[in-house]
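Read-outs throughout are calculated quantities, based only on the coordinates presented, and are distinct from any laboratory measurement. Source: prediction; values computed, not measured. All Cβ positions, even for glycine, are placed from backbone atoms using ideal geometry, and neighbour counts span all protein chains on display.
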């Protein structure tokens, strides 16, 4: 099952009306897979143009657009504690350069 969360943003990136929303996919096991979907507004309305996996069992605090970047504030689990959200991932800034998302910090 895929759920749309309340973590979303709409703004302008390089002059183009853009949105981003966090989706959560649960397949019935213990994992919850978080993705960020990029939306672009075209002549026929909003269209999903790309997605990036944020991780399994992460906590997303906010999504914002800043300096033509989509910035996600989130916490992830550390390598030694896969079930706990103890690792502060800080802000993950994402940009789009021609093709898919790329993490730039």
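Key figures
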{"read-out": "Estimated FRET transfer efficiency when R0 is 35 angstrom, pair residue 50-residue 1 (beta carbons, to 0.05)", "value": "0.95"}
{"read-out": "Inter-site label distance for residue 25 and residue 66 at 7 Å from Cα along Cβ, in nm", "value": "2.8"}
{"read-out": "Net length gained if the chain between residue 17 and residue 41 were fully extended (0.36 nm per residue, minus Cα distance)", "value": "8.1 nm"}
